[in-house]
Amino acid sequence: MHVKRRTSHTGDAPHPTTNESDCYMVATLTGGERQIALVISGLVAICGLTLAAAGRQDMLGAHGFIILVFGLACVFVIINGFYEPEPSPERFSSYYDEPIKAGVIAAMAWAVFAMFIGVWVAALLAWPDFTFDQEWASFGRLRPVHTTGVIFGFGGNALIATSFHVMQRTSRARMPDQLSAWFVLVGYNLFCLLAVTGYLMGVTQSKEYAEAEWYADIWLVIVWVTYFILYIRTIARRKEPHIYVANWYFMAFIVVVAILHIVNNIAVPVSLGHAKSYTVWPGVQDAMVQWWYGHNAVAFFLTAGFLGMLYYYLPVRAQRPIFSYRLSILSFWGITFFYMWAGSHHLHYTALPHWVQTLGMTFSVMLLVPSWASAGNALLTLNGAWHRVRDDATLRFMMVAAVFYGLATFEGSFLAIRPVNSLSHYTDWTVGHVHAGALGWVALITFGSFYTLVPSLWKRERMYSATLVEVHFWFALAGTLVYIFAMWNSGIIQGLMWRTYTDEHTLAYSFVDSLVAMHPYYIARAFGGLLFLLGAIVGAYNIWMTLRTAPLTAPRGSDAPQPVAVPGE
Amino acid sequence: MPEFFHRKLERSTIGFVLAIIAAASVGGIVEIAPLFTIDETVEEAPDMRFYTPLELAGRNIYIREGCYACHSQMIRTLQDEVERYGPYSLAVESRYDHPMLWGSKRTGPDLARVGGKYSDFWHVAHLTNPRDVVPESNMPAYRWLARNSLRTEDLPLHLEAQRAVGVPYTDEMIENAARDAYGQASPDSDSASGVTERYGEETQVRAFDGVATRVTEMDALIAYLQVLGRLTDAAFLDTAAPQKPPEPIE
């Protein structure tokens, strides 16, 4: 990938507001692909109609209707562009970037939406009457909207978009077809839409980070298998003998998330006309399966996938090769092997057998080695580029992300130690830990990657405003710090109050006492979240203005699949 | 040498994917599969009951409203928790729970043994507006629960799905599910006696929301909350320091 930050300065570059057709999506498909897309969209619409009819007594009916409208909208878009001229055969001499653009836009839209919901639920804990007496606005329903929106809406779209970009560049191969990528991206967003609208209506499995019901889960399996096949087919077309390290992580992300998703979501629906289902796993086994899933959703969705991003965009932006190939191997296989044992640390001191808890704790502590190998590898890559970190907020996003990755993984191993967990579990400390990872690591690496990716994707000289990138950086960093400091304080105070005894050997505080003590921290946390949200809005605006008004790069030769600078050794 | 091996592995897409699957499978297999085969994982509790249709419906409302996001149902084996909430939770107590609702966060207190701790009337007031009974509370108000009638006609399907995943509901229970849900919340009706016949004498049959003429979502949720921790006495007897199990509520 070329990062054209120092191309000739042209003040009179054309304003590229109209050079892209609105139906670029369909125009880049071949005639055959348009027909298949039409058939698939029609089938989706028919499935929606069937569910709407079968579930007319149930919330499933509403979802059937949403699927129907979604399918019909796709049919409409395809028909609208059906007779556009077909793409020329020359397309094979360039990468297929259109779905990546859509993925970036979708990710930013989900970010703003879901972070707004996050601020709202944070405010609900301090001011519980912000529900306006609406069923859908109570904490229990909005909270999964926030978690699903940021993890799957924002994170998932960002991963899909960047993985499409990285897999093509590092393989020096175009995707084998145009349709698969669109199916994955659009289908995935349908899943997110079903999940989020479902929670508002009370449709949920209650499994944390896997709340979506059976029909949405089945749909996600179809989408995900397509994603996997697309990835494998593109990698198989590579002109590089070796598979680059970023792709290892993206492949682990895709493969393992599929396994986790399928096993955790095996369930029996009440009927084909009901949204509700019952998981096959009972009690203690369900707890183990759930947290095996839950923790590895963190590992393979929020860590492996984003490490894939880091291993590509960080070296590109820093213009330095990855520090150590051996460290990459060590950390990759360490993460892939160790993480899958760690889930039981969510169940310390519970009715889960002691031996499983001990295994979970042991592997969680060992995980620190591959985690810090990755974080160290990233930071050492910056050796020789620290002046760029100072000057370039985009690179600083990624540097701080690597630091937070190191901090959050250390904290994770620490919290997994049983006696530490006895204090931290069930408290806000866990919430703070998750956000150190989610805000500090996942979101910052994504923003850094996007600021690297967006100008090259839309062939702009640079971002619309470097100042706004800087503003976003400081909002994001300040928001993250306020948030996690508030949660450390509240979590530790909470944990200590619950276990404090008086001299008479009775519990010193009632539960409500601990709740009252949380109030100032809940306000601080909502404020920290608000800062982070403002940063994301600034980022979304900056990206939007970049693709509307930033000057185009000077025309270059063909945009690969030619030899390009592949970071790494 | 290991590096040489890896350089070869990196050249094969399929080989790499298989290696990922192999490496990632071990942990889950070692930790999950034995939970189904080692007998000590779930204790014996011959007196263990399972949810009546009304309690199951209440549990589904608990899930629908996301109560598990702030309330755990898992008392850990720590002294302060046992003193605050009661005997630590046993695996057998959630043996018929699909899914389990152990929770991961206590913005509010643990509910594993909340059954019988407060009166029905307290629960109605608390769910209608928590701040009326606990001024410092930050729990949302759930006013619509008393307004909404409970959907009971599809309860046989729910019980059938529960049976498919392993809860031993009988044909008779499935057949009478809707009637039993009505009966459990309508103590003076003809349907009330069938509930205790089918689900045991311990089953609580009351107008949980205080209104006997109508079965609401409030009835179902309170019936569920009042049975939490009371499906078996095992936790009171099977521990190092046995306690007297709670008296049945009248």
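The values are calculated or read from the model by the stated rules, or taken from the named source; none is laboratory data. Note that the structure is predicted; figures quoted are calculated from it, not measured. We place every Cβ from the backbone using ideal geometry, glycine too, and count neighbours over all the protein chains shown.
Just wondering, is there one or more residues in segment A:279-297 that are surrounded by fewer than 24 Cβ atoms within 10 Å (Cβ to Cβ), hydroxyl-bearing (Ser, Thr, Tyr) and in contact with a Pro (Cβ under 7 Å, 6 or more places away or on another chain)?
No: zero hits.
Hey, among the residues in segment A:356-369 that are within 24 Å of the chain's Cα centre (by Cα) and buried (at least 21 other Cβ atoms within 10 Å of the Cβ), which one's farthest from residue A:335 (Cα to Cα)?
A:364
Could you check segment A:300-337 and list, in sequence order, the residues that are facing another protein chain (nearest Cβ under 10 Å) and touching a Gly at 6+ places or on another chain (Cβ under 9 Å)?
Across segment A:300-337, the qualifying residues are A:325, A:328, A:337.
Please go through segment A:264-302 and pick out each residue that is touching a residue at least 40 places away in the same chain (Cβ under 8 Å) and of a type in the set (Val, Ile, Thr).
Hits for segment A:264-302 are A:279, A:284, A:298.
Only residues that are of a type in the set (Val, Ile, Thr) and surrounded by fewer than 23 Cβ atoms within 10 Å (Cβ to Cβ): list them for segment A:410-453, please.
Passing the criteria: A:417, A:420, A:430, A:431, A:434.
Residues are listed down the side, and each one gets a yes or a no for (1) at pLDDT 95 or above; (2) more than 7 Å from chain A (Cβ to nearest Cβ):
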| site | (1), (2) |
| --- | --- |
| B:3 | no, no |
| B:10 | no, no |
| B:32 | no, no |
| B:58 | yes, yes |
| B:75 | yes, yes |
| B:103 | yes, yes |
| B:106 | yes, no |
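Just to be sure I understand, how many residues within segment B:110-154 are surrounded by 20 or more Cβ atoms within 10 Å (Cβ to Cβ) and within 11 Å of chain A (Cβ to nearest Cβ)?
The number of residues fulfilling the criteria is 7.
Residues that are more than 14 Å from chain B (Cβ to nearest Cβ), among the aliphatic types (A, V, I, L, M) and closer than 30 Å to residue B:139 by Cβ: list the helices (runs of 4 or more DSSP H) wholly contained in segment A:85-191 that include at least 2 such residues.
Per the criteria, A:98-126.
Just one of (1) buried (at least 19 other Cβ atoms within 10 Å of the Cβ); (2) of a type outside the set (A, V, I, L, M, F, W, C); (3) away from every other protein chain (no Cβ under 14 Å) trips up residue A:514, so point out which.
Only one criterion in (1) buried (at least 19 other Cβ atoms within 10 Å of the Cβ); (2) of a type outside the set (A, V, I, L, M, F, W, C); (3) away from every other protein chain (no Cβ under 14 Å) is unmet by residue A:514, namely (3).
Give, as residue ranges, the helices (runs of 4 or more DSSP H) completely inside segment B:179-238 that count at least 1 residues that are surrounded by 18 or more Cβ atoms within 10 Å (Cβ to Cβ) and acidic (Asp, Glu).
The qualifying helices (runs of 4 or more DSSP H) are B:217-227.
Checking the condition among the hydroxyl-bearing types (Ser, Thr, Tyr) and either buried (at least 16 other Cβ atoms within 10 Å of the Cβ) or within 27 Å of residue A:435 (Cα to Cα) (or both), which residue from A:138, A:93 passes?
Answer to the selection: A:138.
Is it true that some residue in segment B:209-230 is within 30 Å of residue B:90 (Cβ to Cβ) and without any contact (Cβ under 8 Å) to a residue 60 or more places away in the chain?
The answer is no, given that none of the residues of segment B:209-230 is within 30 Å of residue B:90 (Cβ to Cβ) and without any contact (Cβ under 8 Å) to a residue 60 or more places away in the chain.
If the requirement is being exposed (fewer than 13 other Cβ atoms within 10 Å of the Cβ), within 29 Å of residue A:255 (Cβ to Cβ) and either among the small types (Gly, Ala, Ser) or in contact with a helix residue (DSSP H, G or I) (Cβ under 9 Å, 6 or more places away or on another chain) (or both), which of these qualifies: B:33, B:23, B:19?
Going through B:33, B:23, B:19 in turn, just one is exposed (fewer than 13 other Cβ atoms within 10 Å of the Cβ), within 29 Å of residue A:255 (Cβ to Cβ) and either among the small types (Gly, Ala, Ser) or in contact with a helix residue (DSSP H, G or I) (Cβ under 9 Å, 6 or more places away or on another chain) (or both): B:33.
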